[in-house]
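Accompanying notes for the structure given below.
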Amino acid sequence: MIRMASRPSKLRRQEERWAYLFLLPQYLGLLCFVLGPVVVTLFLSFSEWNLVAPPRWIGLQNYQVSFQTDVFWQTWRNTIYYVVVSVAGGIVFSLALALALNEKLRGVTLYRGIYFLPVVTSAVAVSMVWRWLYNPEFGLFNAVLTTIGLPTLPWLNSLKWAMPSVIIMSIWQTVGYNMVIFLAGLQGIADQFYEAAEMDGATAWQKFRHITLPLLSPTTFFILITATIGAFQAFNQIYIMTNGGPANATRVILLHIYILAFRLFKIGEASAVSWVLFLILFILTLINFFVARKWVHYG
Amino acid sequence: MVEAPQDVTKIGTLIQPAAQLTSQRRQTRLRHIVLHVLLSMGAFFMILPFLWMLSTSLKAPGDVFIFPPEWIPNPIMWSNYAKSWTLKPMGLAYLNSIKISTLTTAGTLFTSSLAAFAFAKLRFRGQHLLFMILLATLMIPVQVTLIPLFILFKWINWIDTHWPLIVPAILTNAYGVFLLRQFFISLPGELGDASEIDGCNPFQIYWFIYLPLSVPALVTLGIFAFLYHWNEFLLPLIYLNSLQKFTIPLMLATFQGAYTTEWELLMAAATIALIPVIVVYIFGQRYFVQGIALSGLKG
């Protein structure tokens, strides 16, 4: 009896040791390259440092300085504009595509393949292509507008059109990704729900509104969270297409931090802006999870 | 008397008049035609940038600035490709990208599958808490770790080497751990129990039993890891200074800086950068789409 009781616990301890060993590489990385740096950024945000002279503790001054500059507020306006429009637009388009591709159409695999293609391509390469598409004098888009008798647009060169242009390109590149996730969600909805609704004479809109949307809500929630976090980190396409211009019209938060830290070497101020972003993203995610209780239905 | 009308309606729906059936079928066919028209227009828009890139990449310098643009270049300048391949050390950039992406992918598959195996098949104290911490780090944006990591790698003299692109990438892949954990959970636990009786330790069980069974999941995750590091831009931009160390996206960006209006060369370079990924994508499409669906299911 004693042997039988002690053997499992010894095995158990052995198993535990193996488990911790298996976790070691990932959690070492987590500590050194994620959690550690998050804390260090907080400390740096209270100091003045240009990477050369020794850092100096200045308290909340970096935050005060940031809040007083126009470019900080402009960056935030741009970022919110970018996040809201690209996430909402992305969800609408990818859901529409997923609904269409969920029909028993011929050539679905081909369509899916084409819509997904931009996802795998390098953002730097396709941003160069889009900069050329948007070229106001010789670009394809203005050529098409001229051909169909519409006035041409200044696209990336104007204060008003630069951000929409960046957003169109971003949706083009990511729509296929969310489409495939939506498709997986749609395929998880059992046919019986629709059959029952048809028996009751439901219209297509009623079926969409009362069956598809509620049953798809966990997928929509997943996409909302991941797309929002992703959109706050937009960088590549903006760096290549506009570099934040014209007149900071497309300067978003990651570009702002990059410029502060690695061009102007204002390490403290850049860290302060990073922490402001981190807090906002944290609160936003909490709100998302809280509001989700009202509209996300887990079957 | 109460049940009779119900029976009548049931029979009514079962033996629908033939005319109603054909009209329903006609409606479905009409809807499918409309969907095909919309989907193919959308698909055309998705591949338009790639066609425009190809067309421009084969044009003579002056022909790029003809308005409205011509789709078929005349003459066809294949030499643009040779030119852009040699203007910058593109071959070297290819080798660098292959080296970095291969090492990070192999490494991250190993460390994340180890951790995933521990979470799925072993029992240990703090299991739930450790997993929650891992999931929470998925919401930490790149902005809050960027600056301390740069300082760390500067401190240990890793700037302008490939190490800061490889080591953290191998040791931090929360997403990979999460996905592979889901996969391991789906495999029956009896496999491990049987070999434990045969005297296998947990590492042997992981390596000889579970890993061979999870090749499909590893391939999918591997493709995404490879692509992610292949297309990565911000980190190489920060860590690398000398042209000999550059990766493909970084080399492309310098191309844009150096040849601002030589669109035919820029597009040739972009094509050179995109071709391998697109070719791999066309042959391995199944794995790409499967992988995304896998991640979406457990939102």
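Take the conditions modelled with pLDDT of 90 or more and at the interface with chain B (Cβ under 7 Å from one of its Cβ atoms) and apply them to A:SER127. Does it pass? Taking the combined requirement at face value, the residue does not satisfy it.
I'm trying to understand the selection: among the residues of the stretch A:96-123, which are of a type in the set (A, V, I, L, M) and either within 7 Å of chain B (Cβ to nearest Cβ) or surrounded by 18 or more Cβ atoms within 10 Å (Cβ to Cβ) (or both)? Within the stretch A:96-123, A:LEU97, A:ALA98, A:ALA100, A:LEU101, A:LEU105, A:ILE114, A:LEU117, A:VAL119, A:VAL120, A:ALA123 meet the criteria. Can B:PHE208 be described as in contact (Cβ under 8 Å) with a residue 12 or more places away in the chain and either outside any helix (DSSP H, G or I) or within 27 Å of the chain's Cα centre (by Cα) (or both)? Criteria not met by B:PHE208. Would you say A:PRO218 is touching a residue at least 12 places away in the same chain (Cβ under 8 Å) and in contact with a Pro (Cβ under 9 Å, 6 or more places away or on another chain)? No. Kindly check whether there is at least one residue in the stretch B:256-264 that is facing another protein chain (nearest Cβ under 10 Å), among the β-branched types (Val, Ile, Thr), more than 22 Å from B:ILE147 (Cα to Cα) and part of a helix (DSSP H, G or I). No: zero hits.
When A:MET179, A:MET169 are checked against the criterion of being touching a residue at least 12 places away in the same chain (Cβ under 8 Å), over 27 Å from A:ASN248 (Cα atoms) and among the aliphatic types (A, V, I, L, M), a single residue qualifies: A:MET179. Only a single criterion out of (1) in a helix (DSSP H, G or I); (2) crowded, with 17+ Cβ neighbours inside 10 Å; (3) at pLDDT below 90; (4) more than 9 Å from every other protein chain (Cβ to nearest Cβ) is not satisfied by A:ALA184, namely (4).
Of the numbered criteria (1) more than 10 Å from chain A (Cβ to nearest Cβ); (2) surrounded by 13 or more Cβ atoms within 10 Å (Cβ to Cβ); (3) free of Cβ contacts under 8 Å to residues at least 12 places away in the same chain; (4) among the aliphatic types (A, V, I, L, M), the one B:ILE133 fails is (1).
The rows are residues; the columns are (1) touching a Ser or Thr at 6+ places or on another chain (Cβ under 8 Å); (2) modelled with pLDDT under 90; (3) at the interface with chain B (Cβ under 9 Å from one of its Cβ atoms).
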site: A:PRO8; (1), (2), (3): no, yes, no
site: A:ARG12; (1), (2), (3): no, yes, yes
site: A:TYR20; (1), (2), (3): no, no, yes
site: A:LEU24; (1), (2), (3): no, no, yes
site: A:CYS32; (1), (2), (3): no, no, yes
site: A:VAL39; (1), (2), (3): no, no, yes
site: A:VAL52; (1), (2), (3): no, yes, no
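One residue stands out among those in the stretch B:136-187 that are over 13 Å from B:ALA116 (Cα atoms) and among the polar types (S, T, N, Q): the one that is surrounded by the most Cβ atoms within 10 Å (Cβ to Cβ), which is B:GLN143.
Considered as a group, the residues in the stretch B:157-205 that are in a loop (DSSP other than H, G, I, E, B) and modelled with pLDDT under 90 include one that is farthest from the other protein chains (Cβ to nearest Cβ), and that residue is B:PRO188.
The helices (runs of 4 or more DSSP H) falling completely within the stretch A:230-299 that include 2 or more residues that are among the small types (Gly, Ala, Ser) map to A:267-295.
Look at (1) in a helix (DSSP H, G or I); (2) within 9 Å of chain A (Cβ to nearest Cβ); (3) closer than 28 Å to A:VAL276 by Cβ and you find that B:PRO141 fails only one, number (1).
The values are calculated or read from the model by the stated rules, or taken from the named source; none is laboratory data. All of these numbers come straight from a predicted model, not from anything done at the bench. Note: ideal-geometry Cβ built from the backbone for every residue, glycine included; neighbour counts use all protein chains shown.
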